[in-house]
Amino acid sequence: MSAEPTIARPLPAQVGREAFPYDLDSVDWNAVQADLRGLNVLTRPAQRKQHSKDFFWYSPILSAELSDCVADLVVKVSTEDDVRQVCAVAARRKLPLTIRAGGTGNYGQCVPLQGGLVMEVGGMARVLDIQPGRIRAQAGARMYDIEMAARETGQALRMWPSTWHVATIGGFISGGFGGIGSMRHGILRDPGNLLRARVMTVEREPRVIELVGDEIQQVQHAFGTNGVILDVEVALSPAVEWVHGTALFPSYRKALDFACAASTPALDLFLLSTVEARFSPFYTSMGDRFPPDGHAAFTMVAPASMPKFESLVAAHGGRISMAGTEAELLAAGLPPAYECAYNHTTLQALKLDRSWTYLQVAYAQPFDPAVVQRHLEIFGDDVLQHQDHARAGGEFGTFGILLVRWKGIDHQYELMREIESQGGCQIFNPHVVTIEDGGMKTIDNRQIAFKQQSDPMGLMNPGKTRGWRHDMARPG
Ligand SMILES: Cc1cc2nc3c(=O)[nH]c(=O)nc-3n(C[C@H](O)[C@H](O)[C@H](O)COP(=O)(O)OP(=O)(O)OC[C@H]3O[C@@H](n4cnc5c(N)ncnc54)[C@H](O)[C@@H]3O)c2cc1C
C-alpha cells in the first residue's frame with residue numbers, strides 16, 4: 001500500500017485515577033453512598049462492571065484499553081429530583097460522572113474511564129406529550145417505545161438507530177449521528193429534526209437549561225460531557241407502512257450504481273444500504289434471499305414508490321428476493337431491513353466470527369462507486385464492503401461501515417491511511433474514545449463553551465473530549 005500518512009494514531013485513552021484532576025484515592029465511597037440515600041445504588045463488582053460497558057468490544061483496540069474501567073458506584077435514577085441529587089453529590093465531592101442509557105454506543109461512550117459514578121437514566125422513560133409534528137419524551141425513553149406512542153397518533157419518528165429496541169432518545173442525541181430514516185430526513189443535526197431539550201447542569205446547586213432548535217447542537221454528539229439531558233422534543237412525520245425489501249445484483253458495482261440512481265427525491269425511501277455478497281454467510285436467517293453470489297441492497301420503500309423502485313432494480317440487472325411489511329417478515333422468521341444495515345451489519349458478522357472488526361468512512365460527495373471498486377481490488381479478503389446511503393445537509397451522501405479482518409493495530413492504521421489517501425474519503429475512527437479522534441475531527445468550541453456553563457468543574461464523562469483542559473475548570 002502506498003498511502004501518505006494522513007491519519008495519525010492517537011494516544012491511548014486516558015484511563016485511570018491519575019488522569020482525573022481531583023483526588024479520587026481518598027474518596028470515602030461509603031459516605032458517597034450515604035449522600036445518595038433514597039436512590040437505587042448498585043455496589044456489587046459484577047453489577048458495576050456490567051454497567052460500565054457498551055459495544056466497544058467491536059474494536060480489539062478499545063477492548064484492550066477499556067476492559068478495566070469500572071464505576072465505583074452505579075446509581076439508577078427515575079425522576080428529575082433523583083438526577084438533581086446525583087449531580088449535586090458529584091459536584092460537591094468532585095467525582096467523575098458518566099451517564100449511561102441503553103449502553104449501545106460503540107466507542108466506550110458511556111464507559112467511565114476514570115471510575116466514579118455511573119448514572120443510569122433508563123428509568124426516566126415517559127412519553128410526555130404528542131402533538132401534530134412533534135413528540136416530547138424523557139431522555140431515558142427507548143426509541144422503539146417512543147415510535148409506538150407516536151404511531152397511535154398516525155405519526156412516526158423521523159429517524160432512529162438500528163438498536164432502537166434498547167437505545168434511548170437521550171443516548172441517540174448524545175452519542176448518535178443518524179440512522180434508519182436518514183435517507184429521507186437527513187441526520188440528527190440537520191435543521192428541523194431536534195426541536196427542544198432540557199439539560200441539567202452538574203453543580204452544587206444544579207440548574208435546568210432549556211435549549212431550542214439549533215441550540216441543541218451544543219449537546220448533540222457531545223457524549224454526555226456537557227449536561228444531563230432530561231427530556232427532548234423531536235419532530236414527527238406522518239407514519240408510512242414501509243415495504244422492507246432485499247434487491248440482489250450480480251456485482252457489487254451494480255448494487256452501488258443502483259443505490260446512486262435510487263438516491264433521488266423521485267423515490268420515497270426510508271432506508272437504502274448496500275451490502276456485498278461476502279456478508280451472506282453471516283445473515284444466517286435469510287437463506288437464498290441473500291445468497292453467496294448476490295450483492296444486496298436492503299431498503300425500506302414507501303408503497304407508492306414500489307413500482308418505480310422495481311423498475312429501477314430491473315434496469316440495473318437486479319431482482320427483488322424479498323419484500324414485505326415488518327410484521328410479515330418477522331412472521332416468516334426474517335429480519336426487518338434495518339437489522340441488515342448500519343452497524344447491525346457488523347453485529348451479524350461478529351455474532352459468528354470475532355476475528356473481524358470495522359472501520360467507518362465518509363465518502364466525498366457526490367459519491368463515486370469507483371472509489372469502493374478500487375478498495376475491493378486492493379484490500380482483497382481483508383475488507384468487506386457495506387455502504388449506507390443517506391441525506392446529510394440536504395444532499396444525498398454515502399457512508400461506509402466496512403468489515404475489516406483484525407490483523408493488529410498497525411494494519412488497521414495502514415488501511416485507514418490508504419482509504420484517506422485517495423478519493424476524498426474521511427475515516428471516522430471507531431477505535432478511539434474521544435469525540436474529536438472519532439468522527440468530528442475538530443473541537444466543537446460551541447460545545448466546550450456550553451460545558452463551561454453546564455459542567456464547570458469538568459466532571460462529566462472525563463477523557464472523552466480533547467476540547468476540555470483541566471485549567472478551564474471553575475473551582476466548585
Ligand atoms: C448494532 C448497532 C447498531 C447501531 N446503529 C446506529 C445507527 O444506526 N445510528 C447511530 O447513530 N448509532 C448507531 N449505533 C450506536 C448506538 O446504538 C446509538 O447511538 C444509540 O442511540 C445510543 O443510545 P443509548 O441509549 O444506547 O446510549 P448509551 O450508549 O447509553 O450512551 C451514548 C452516549 O450518550 C450519553 N448519554 C446517554 N444518555 C444521556 C443523557 N440523558 N444526557 C446526556 N448524555 C447522555 C452517554 O454518556 C454516552 O456518551 C449502533 C450501535 C450498534 C451496537
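For this structure, a couple of remarks:
- Zone of Val240's modelled label, taken as backbone nitrogen in the stretch 250-271 under 15 Å from a point 7 Å along Cα→Cβ: 262-271
- Between the stretch 385-439 and the stretch 19-91, the alpha-carbon center distance in angstrom: 31
- Of Lys76/Lys441; Lys254/Lys308; Lys407/Lys464; Lys94/Lys451; Lys254/Lys351, those spanning more than 22 Å from alpha-carbon to alpha-carbon: Lys76/Lys441; Lys407/Lys464; Lys254/Lys351
- Under 13 Å, Cβ to Cβ, from Gly181 - net charge with Lys/Arg +1 and Asp/Glu -1: -1
- Annotation: peptides 451-461, 220-230, ranked by per-residue average of other Cβ atoms within 10 Å with the highest first, follow the order 220-230, 451-461.
- Look at the Cα gyration tensor of the stretch 81-149: its axes a ≥ b ≥ c give a/c of at least 1.5 with a/b at or below b/c, and that counts as oblate.
- Top positive-direction residue, dipole computed over the stretch 243-428 with Cβ charges, set Val301, Gln387, Gln360: Val301
- Relative to the longest principal axis of the Cα atoms of the chain, the long axis of helix 306-315 lies at roughly 60 degrees.
- Note on Asp68/Ala314: beta-carbon distance plugged into 1/(1 + (r/R0)^6) with R0 of 41 Å gives a FRET efficiency of 0.15.
- Sorted on the mean count of surrounding Cβ atoms within 10 Å across their residues, most packed first, peptides 340-353, 165-178, 283-296, 22-35 read 165-178, 340-353, 283-296, 22-35.
- FRET efficiency, Trp57 to Arg446 (Cβ-Cβ, R0 56 Å, nearest 0.05): 0.95
- Potential extension, Asp471-Asp410 segment - 0.36 nm per residue separation minus Cα distance: 18.6 nm
- Were the residues from Thr153 through Ser251 laid out at 0.36 nm apart, the gain over their Cα-Cα distance would be 31.0 nm.
- With all protein chains kept in place, the per residue accessible area of the stretch 68-199 amounts to 32 square angstrom at a probe of 1.4 angstrom.
- Relative contact order, whole percent, for the stretch 243-428 stands at 25, derived from Cα pairs under 8 Å and 6 or more residues apart.
- Computed helical MRE - 222 nm, the chain, DSSP H runs ≥ 4 contributing -39500 (n - 2.57), nearest 500: -7500 deg cm²/dmol
- Here the extension length gained between Asp25 and Thr264 equals 80.3 nm, from 0.36 nm per residue of separation less the Cα-Cα distance.
- Taking the C-alpha atoms only, the angle from helix 80-93 to the longest principal axis of the chain is near 60 degrees.
- Less than 5 angstrom separates the built amide H of Met460 from those of Leu97, all sequence-distant by 5 or more or on a different chain.
- Only the Cβ atoms of Lys and Arg (+1) and of Asp and Glu (-1) were treated as charged; on that basis the dipole of the stretch 127-239 about its Cα centre amounts to roughly 180 debye.
- Net charge contributed by nearby residues that have their C-beta within less than 13 Å of Thr104 (K/R +1, D/E -1): +2
- Ranked packing of 58-68, 317-327, 38-48, most packed first, by mean Cβ within 10 Å: 58-68, 317-327, 38-48
- Scalar couplings 3J(HN,Hα) for the stretch 148-165, obtained by applying the Karplus form with A = 6.51, B = -1.76, C = 1.60 to θ = phi - 60°, are 4, 5, 5, 4, 4, 9, x, 10, 8, 5, 7, 7, 7, x, 5, 8, 4, 5 Hz; x denotes Gly and Pro.
- Counting only alpha carbon atoms, the long axis of helix 409-421 and the longest principal axis of the chain meet at about 60°.
The values are calculated or read from the model by the stated rules, or taken from the named source; none is laboratory data. Small disclaimer: the values here were computed from a predicted structure and weren't measured. Using ideal geometry, Cβ is built from the backbone for each residue, glycine included, and neighbour counts are taken over all protein chains shown. In case anyone asks, the SASA skips ligands and DNA or RNA and just uses the protein heavy atoms, side chains included. Shrake-Rupley method; radii C 1.70, N 1.55, O 1.52, S 1.80 Å.
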